[in-house]
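Beneath this line is the structure, given in structure tokens, with notes to follow.
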Amino acid sequence: MKKYLITSPEIYTDKCKNFKKILKKQVEKHLPDFILFRDKVHQNYDELAKCFVDTCKELNNEMKCLIHQDVDLAHILEVDGVHLTSKQFSQIQRAKKFGLYVIVSTHTHDEVLEAQNLGADAVTYSPIFYSPNKGIPKGIEDLQALLELCDVKVFALGGIVSDMELKALKNTQVYGFSSIRYFQ
């Protein structure tokens, strides 16, 4: 099962030196296959995104590094891809034209199928387990039903904080899991 680490401003700070130190430690500890720079809080987003990309290059491993929401910035910084929100389906084909790996946030079966039809490489589907302020969990049965409907790679997201959730996911054919809290 692929591991997808999502950064959070509450953990990674807005200072490049500290951000790099924390990111390197988490990558070395968890060895994620995918990693996303996501920060909806700090004003120096572009600067932190560059710091993130530089850190990914320094780590020089096989993980795919993605930028959240900003197709142009992902292209300019020459990262592997972009993670689009569920409101950005119109950006999928544009991102693909730049050669970016595209992951889209989804919350319904219809959204997953739409992302797949528009050419997304993968989706996150959430929330699978309870996650504060994220709505009613979908659960494993719903996830499995989705996996039987689609061909796109699916990352389970939401409430994955321990090996207990991973154990439940292993009984599915899910491509991977995404989390902030699991990787702390």
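Key figures for this structure:
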{"quantity": "Verdict on A156 being in contact (Cβ under 8 Å) with a residue 24 or more places away in the chain and under 29 Å from F19 (Cα atoms)", "calculated": "yes"}
{"quantity": "Unmet criterion (only one of (1) in contact (Cβ under 8 Å) with a residue 40 or more places away in the chain; (2) surrounded by 13 or more Cβ atoms within 10 Å (Cβ to Cβ)) for K170", "calculated": "(2)"}
{"quantity": "Those residues of segment 96-116 which are touching a His at 6+ places or on another chain (Cβ under 8 Å) and over 21 Å from F177 (Cα atoms), in sequence order", "calculated": "F98"}
{"quantity": "Hits in segment 132-150 (condition: closer than 26 Å to G119 by Cα and of a type in the set (A, V, I, L, M, F, W, C))", "calculated": "I140, L143, A145, L146, L147, L149, C150"}
{"quantity": "Members of segment 97-111 that are surrounded by 18 or more Cβ atoms within 10 Å (Cβ to Cβ) and either of a type in the set (G, A, S) or touching an Asp or Glu at 6+ places or on another chain (Cβ under 9 Å) (or both)", "calculated": "L100, Y101, V102, I103, V104, S105, T106"}
{"quantity": "Residue among I67, I11, I92, I35 that alone is in a helix (DSSP H, G or I) and either in contact with a Cys (Cβ under 9 Å, 6 or more places away or on another chain) or closer than 21 Å to A122 by Cβ (or both)", "calculated": "I92"}
{"quantity": "Test: E111 is out of contact with any strand residue (DSSP E or B) (no Cβ under 8 Å at 6 or more places or on another chain), of a type outside the set (F, W, Y) and either at pLDDT 95 or above or farther than 20 Å from C150 by Cβ (or both)", "calculated": "no"}
{"quantity": "Sole residue being within 24 Å of P9 (Cα to Cα) and at pLDDT 95 or above, chosen from I92, I103, I140", "calculated": "I103"}
{"quantity": "Per-region count, segment 23-45, residues farther than 23 Å from K167 by Cα and under 18 Å from the mean Cα position of the chain (by Cα)", "calculated": "9"}
{"quantity": "Total residues in segment 38-64, condition out of contact with any strand residue (DSSP E or B) (no Cβ under 6 Å at 6 or more places or on another chain), under 16 Å from I6 (Cβ atoms) and part of a loop (DSSP other than H, G, I, E, B)", "calculated": "4"}
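The values are calculated or read from the model by the stated rules, or taken from the named source; none is laboratory data. Worth saying up front: this structure is predicted, and the values here are computed from it rather than measured. Glycine gets a Cβ as well: all are built from the backbone with ideal geometry, and neighbour counts include every protein chain shown.
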